[in-house]
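Read through the structure below, which is laid out as structure tokens, and then see the notes.
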């Protein structure tokens, strides 16, 4: 009786493992098909903007347009990060100057906050200008 168990348990385990992997692969295939149908429907929508259209096209094809470089995006992400850090640092310096009644700290905080706000908005403004240039 024990000899049969040495044969039946591994066979049942393999059958269970096969069914589990098959169900997982089928679910993945169905999800991918639904995702593709949603992307195709979104691309047919005439009211989407240029950036969304490029993002959807990238998801379908995997190819970027000539206007989107990875190096430029990385630089803009760094500019945005420095802008956020500088903005909150400037606000903190401004608040510290207000608490200690130091006009020098307040002025430095205001200037740092304004300059950093410019860094935060620069990547978005540049992307909007590029999108308008492509549409024209």
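The residues on offer are 136, 131, and the sole one that is out of contact with any strand residue (DSSP E or B) (no Cβ under 7 Å at 6 or more places or on another chain), surrounded by fewer than 13 Cβ atoms within 10 Å (Cβ to Cβ) and at pLDDT below 90 is 136.
Can you find, within region 61-84, the residue that is modelled with the highest pLDDT among those that are closer than 18 Å to residue 124 by Cβ and outside any helix (DSSP H, G or I)?
Looking only at region 61-84, we keep the residues that are closer than 18 Å to residue 124 by Cβ, and these are 67-69, 72-84.
Within this subset, residues satisfying the condition of being outside any helix (DSSP H, G or I) are 67-69.
Values: 67: 53, 68: 52, 69: 57.
For region 61-84, the residue satisfying everything is 69.
Results for (1) surrounded by 13 or more Cβ atoms within 10 Å (Cβ to Cβ); (2) without any contact (Cβ under 8 Å) to a residue 40 or more places away in the chain; (3) within 22 Å of the chain's Cα centre (by Cα), shown as yes or no for each residue.
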{"position": "43", "(1), (2), (3)": "yes, yes, yes"}
{"position": "50", "(1), (2), (3)": "yes, no, yes"}
{"position": "56", "(1), (2), (3)": "yes, yes, yes"}
{"position": "76", "(1), (2), (3)": "yes, no, yes"}
{"position": "80", "(1), (2), (3)": "yes, no, yes"}
{"position": "89", "(1), (2), (3)": "yes, yes, no"}
{"position": "103", "(1), (2), (3)": "no, yes, no"}
{"position": "110", "(1), (2), (3)": "yes, yes, no"}
{"position": "115", "(1), (2), (3)": "yes, yes, no"}
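Under the condition of being part of a loop (DSSP other than H, G, I, E, B) and under 30 Å from residue 134 (Cβ atoms), the residues counted in region 1-60 number 5.
The values are calculated or read from the model by the stated rules, or taken from the named source; none is laboratory data. Keep in mind that this is a model prediction, so the values were computed, not measured. As a convention, Cβ positions derive from the backbone with ideal geometry for all residues, glycine included, and neighbour counts pool all protein chains shown.
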